[in-house]
Every structure is written in C-alpha cells, then in structure tokens.
Amino acid sequence: MCARAAYAIILILSLSLLGGCGGGGSSGPGTGTVSMDIADAKPLIDGEQPNELWIVFDEVLAHTAGGGWASLDLPKTPFQINLLAFSDGLKTELAAPTPIPAGRVTQIRFVISRAYMMFYGAQPESDQVVQIDLDVPSGILRTDRPIDRTVENGGHMSLTVHFDLSRSVVRSGPGYKLKPVLHLFNNPEEAALICGSITEDSFAAEGDPPEVVVRVVRNGIETFTVVTVAKESDGEPTEFCVYWLVPLEQNESYTIRIDNGIGDPYVEAVEYPDLDPGKTFDLNEGFPISISSTI
C-alpha cells in the first residue's frame, strides 16, 4: 500500500455518468475481502430541509488491477437507505464482506437508480407527507479519480463512504438533482473531526429549533462540507462535531465558518499538523463560541 493510502487520505469522489460497468477478468493472484459502510453529516441542503432523504442502490462494484470488476454483497437488491438517519458519526452497513481478486483497488462504482426526499407536515400523518424525487442520471456512476489501495491475498479492507448530501443535492430549475460527492475512508478511525460548542444566545430566534450553519472550506478554496447545528437546550452551550474530515497534510488547512445569519460569523483556521488521522481538533481552544445575534 502506498504512503497516501496507509495514512488513510480520503479521496473526494465526484461521480459522473458512465455508459457501462466494464468487463470482468481473471481471479488474479488469490482473493481478499472488502466491506463497506455508509454515513452522512447533518447537511444543509439548498432549499427546505427534508425529514428523510433516501438513496436506492442497485449495485456497488470494486475494481482491482488485473482482477476486473466484482459486485459487492448488498443487504438486499435494490437496497435503499435514509441517509439522514446516519449523521453525527453514525454509519450503517452498505456492503457485507465480499471476496474480490487480490490486488490494487482502482475504482469503486455505485449504481443508483433513485433518490427522493420526504417532508413532514405539522403532524407526520400519511396525508401530510410530501415526497420529492431527485433527478438521478441514468447508467452507472463511477469515481473520476483513481483509487490506490491494495487488498492483500487473504486480507480484508474495510471502507467507509461519507455521502456528503450538503454538496450532492443541488437545485435544478424547480426541482433537485443528485450529483454525488463522496469521501472514502480506508478505516473510519483514521478520519479526523473538528468539535466545538456554541453559546445559547448565538442561535437566532427564528427556526424550530433554532440552528446555525457550519461551513468547512479546504485550503481556502473548496467547500468540503456544510452542516447544520440545532440548539439543544436552554441555558447551556450546544456541543457539535464535524465528522469524516480528511486529515491535513503539509501546506493544507481548513477554515471553519459558523454563521447564524444575523451577526458576524465566527471564523477559525485549522492548519497542518493540527489535524492528523484520528485526531480531534477543539475550536476556540475548547471554550464556547459566541456569535452576535444582532446586526
């Protein structure tokens, strides 16, 4: 395994339309196994926030150099998951341990046939639930960037896919489109996280419950993820964490921006080497963050 894979550097996998799933191949020099979990952050979606967001997977495939494609074992086919149920560090099984040809894993492909959002009314009764389908490109979605991880003969690789809904669900005219953005981890324990707490008076009065928005920008340019933090209780700061972050390498940084939509946002930079694999970085040196609730 190369050094970048050994340190579990996560690839941001933007997926694009592909006409076919590719051919098979020989079994290669022995076999190993691959399993996969899936997770989400608590996302900020452009528009009204849904109560549920379902993704329907028809197939997940892994490709090894010289070994061809192998279809991973889903719990059932098709398999649908409400990703909003697996945020704040939670995850669930997407693929059970599956034998694949040993060798270098070069691509992961996800066949997604449908995605839809559910919105509840004042009471979650059947006649008050609104369902909105997302436009999903037909065919097979694949990773654009190559993967460089190795499954040894007789070995096992455990992957966790962070399905970043905050960047995957985009407005498209009057509706929505699914353009999946994924962060892939070799071992979830090697992902980094950033945590903090927000004072009660930092939450604007609007909203039920009141919320603030936490935006994570990588290297001052690219939005890595966007999550919402809802006020939890009266009188006490609300604690939160942003999970599934790429550990920083030399000359890399994150900028954290926390905004209540009224006052000046709180901004803090997190720089290398303060976010190694498996490390937690505490914002504001562990003290509660206060954001003005007035202009």
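Within the bounds of the stretch 194-213, is there any residue that is within 30 Å of Thr31 (Cβ to Cβ) and assigned to a strand (DSSP E or B)? For the stretch 194-213, residues within 30 Å of Thr31 (Cβ to Cβ) and assigned to a strand (DSSP E or B): absent.
Okay, residues lined up against (1) open to solvent by 20 Å² or more (accessible area, probe 1.4 Å); (2) at pLDDT below 90; (3) under 21 Å from Lys279 (Cβ atoms); (4) within 17 Å of the chain's Cα centre (by Cα):
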site: Ser126; (1), (2), (3), (4): yes, yes, no, no
site: Val130; (1), (2), (3), (4): yes, yes, no, no
site: Leu134; (1), (2), (3), (4): no, no, no, no
site: Asp144; (1), (2), (3), (4): yes, yes, no, yes
site: Arg167; (1), (2), (3), (4): yes, yes, no, yes
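Restricting attention to the stretch 80-94, the residues that are open to solvent by 20 Å² or more (accessible area, probe 1.4 Å) and either at pLDDT 90 or above or hydrophobic (A, V, I, L, M, F, W, C) (or both) total 9. Of Pro97, Pro101, all but one fail to be more than 16 Å from the chain's Cα centre (by Cα), modelled with pLDDT of 90 or more and closer than 18 Å to Val161 by Cβ; the exception is Pro97. The set of residues in the stretch 95-108 that are β-branched (Val, Ile, Thr) and either closer than 16 Å to Ile147 by Cα or surrounded by fewer than 16 Cβ atoms within 10 Å (Cβ to Cβ) (or both) comprises Ile100, Val105, Thr106, Ile108. Have a look at Val227, Val267 and point out the one that is β-branched (Val, Ile, Thr) and within 20 Å of the chain's Cα centre (by Cα). Exactly one of Val227, Val267 is β-branched (Val, Ile, Thr) and within 20 Å of the chain's Cα centre (by Cα), namely Val227. Could you tell me whether the stretch 67-87 includes any residue that is of a type in the set (S, T, N, Q) and outside any strand (DSSP E or B)? Yes, the stretch 67-87 has at least one match.
For every residue, the table says whether it meets (1) without any contact (Cβ under 8 Å) to a residue 60 or more places away in the chain; (2) surrounded by 18 or more Cβ atoms within 10 Å (Cβ to Cβ); (3) not charged (D, E, K, R).
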site	(1), (2), (3)
Leu193	no, no, yes
Thr199	no, no, yes
Phe203	no, yes, yes
Val213	no, no, yes
Val216	yes, yes, yes
Ile221	yes, no, yes
Glu239	yes, no, no
Glu249	no, no, no
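The values are calculated or read from the model by the stated rules, or taken from the named source; none is laboratory data. Since this is a predicted model, take the numbers as computed values, not measurements. When we count neighbours, we look across all protein chains shown, and the Cβ atoms used for this are built from the backbone with ideal geometry, even at glycine. Areas reflect the complete protein model, heavy atoms only, side chains present, ligands, DNA and RNA absent. Shrake-Rupley method; radii C 1.70, N 1.55, O 1.52, S 1.80 Å.
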